[in-house]
């Protein structure tokens with residue numbers, strides 16, 4: 001959307017509508033003005049002479065002709081004087097009217113357009129194209145930028161890349177979103193669904209839901225998506241995946257993905273209820289409810305990351321499905337909990353610290369062994385997204401927490417901004433080795449930046 005469509009500034013063409021000439025108007029107005037320019041006396045005399053010449057002598061004698069003609073002439077003179085005076089007053093008022101204030105367009109834009117453009121250039125230059133002998137041509141991204149063609153595209157990173165292409169608008173034809181969509185379908189596992197690179201050949205609901213959300217957003221076939229949604233929900237039960245159903249990260253990821261791919265799926269209210277029931281009371285923050293990394297005991301310590309993920313998922317569900325009173329109360333408590341951080345600085349406080357967690361599942365082929373998925377979280381980006389949800393705004397306005405909200409949001413945003421270089425985010429391993437640039441982190445960073453920019457936009461600067 002252009003700046004003119006947003007109402008941010010005037011058109012760059014510089015063209016302006018010409019101002020109307022003073023006194024310009026309809027033909028009757030121009031005639032009256034012309035008549036007035038002859039002089040009031042002249043106009044009255046002209047009417048007097050015209051009437052005196054055409055009135056019949058039978059009207060009542062010479063005196064009557066003089067009286068009628070004289071009164072008409074005087075009346076015309078007065079009317080012409082008044083009309084001319086009115087036009088002069090109107091023209092003067094129009095000339096004194098101040099023009100509408102229009103802010104001049106500036107050639108110096110803010111940092112976001114350049115950052116988004118740089119991110120797009122990097123993503124296009126780092127895309128990998130591989131001719132797989134079984135699956136065919138694959139176009140997408142591996143886990144991290146910079147891994148090169150030796151690492152083929154993965155379903156997870158390509159789904160994140162497709163989301164980013166849609167967010168950035170795909171300004172040229174160097175990269176086709178259609179190729180990315182076809183690649184995701186070709187990466188589908190033989191029995192349906194998708195998994196992460198380290199999860200093996202068994203589909204996992206969090207990856208499947210994320211891929212389906214990207215495919216649905218890109219306009220993929222509804223029937224194909226619906227068939228995969230059915231398989232995903234059938235596999236995501238407490239009996240078949242207890243570890244996933246107990247993990248806040250997994251439940252919120254599935255909920256967000258299916259809200260995009262299948263907003264009327266019967267499992268969605270059930271997942272919302274699971275999330276609400278998994279909230280815990282935190283006595284250190286005014287006994288407000290929040291979330292930890294687990295939804296069942298042992299929950300683990302209260303977590304700003306998982307609380308933000310739950311707030312985002314429940315807020316999105318509320319917009320699509322509506323919400324129960326219990327879900328609304330838990331979601332609003334989550335927002336208040338995020339705003340209750342006791343630290344003085346919010347760009348370095350523990351609430352914005354990046355986290356890691358493991359999702360451990362028994363392997364179906366060997367239950368004595370476990371499949372371990374290491375998940376890394378860009379915490380500050382989730383805080384930005386949670387604090388800019390429509391539901392968070394309602395809480396802030398109702399409770400009068402605008403100042404506190406701005407402090408927390410500014411701190412989280414500063415952390416997000418500081419983590420990028422030319423629109424690409426890097427994960428610090430913490431051991432002094434080279435930084436990695438995972439696709440998921442850049443997606444979350446760009447998403448937070450875009451959400452913050454839209455939320456904070458003010459037409460008047």
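The values are calculated or read from the model by the stated rules, or taken from the named source; none is laboratory data. Keep in mind it's a predicted model, so treat the numbers as computed, not measured. Using ideal geometry, Cβ is built from the backbone for each residue, glycine included, and neighbour counts are taken over all protein chains shown.
See the values below:
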| quantity | calculated |
| --- | --- |
| Filtered residue count, the range 204-231, keeping only those that are in contact with a helix residue (DSSP H, G or I) (Cβ under 7 Å, 6 or more places away or on another chain) and closer than 17 Å to residue 186 by Cα | 15 |
| Residue check for residue 410: surrounded by fewer than 20 Cβ atoms within 10 Å (Cβ to Cβ) and either under 19 Å from the mean Cα position of the chain (by Cα) or within 24 Å of residue 253 (Cβ to Cβ) (or both) | yes |
| In the range 130-179, residue surrounded by the most Cβ atoms within 10 Å (Cβ to Cβ) [restricted to those that are within 31 Å of the chain's Cα centre (by Cα) and in a strand (DSSP E or B)] | 140 |
| Output for the range 350-365, where each listed residue is in contact with a strand residue (DSSP E or B) (Cβ under 7 Å, 6 or more places away or on another chain), assigned to a loop (DSSP other than H, G, I, E, B) and either at pLDDT below 95 or surrounded by fewer than 16 Cβ atoms within 10 Å (Cβ to Cβ) (or both) | 363 |
| Residue match in the range 183-198 (condition: touching a helix residue (DSSP H, G or I) at 6+ places or on another chain (Cβ under 8 Å), in contact (Cβ under 8 Å) with a residue 60 or more places away in the chain and on the phi < 0 side of the Ramachandran plot) | yes |
| Of the criteria (1) farther than 15 Å from residue 448 by Cα; (2) free of Cβ contacts under 8 Å to residues at least 60 places away in the same chain; (3) surrounded by fewer than 23 Cβ atoms within 10 Å (Cβ to Cβ), which one residue 306 fails | (3) |
| Flag for residue 207 being in a helix (DSSP H, G or I) and out of contact with any strand residue (DSSP E or B) (no Cβ under 6 Å at 6 or more places or on another chain) | yes |
| Boolean, residue 417 is on the phi < 0 side of the Ramachandran plot, touching a helix residue (DSSP H, G or I) at 6+ places or on another chain (Cβ under 7 Å), in a helix (DSSP H, G or I) and modelled with pLDDT of 95 or more | no |
| Residue 347, sole failed condition from (1) part of a loop (DSSP other than H, G, I, E, B); (2) out of contact with any strand residue (DSSP E or B) (no Cβ under 9 Å at 6 or more places or on another chain); (3) surrounded by fewer than 14 Cβ atoms within 10 Å (Cβ to Cβ) | (3) |
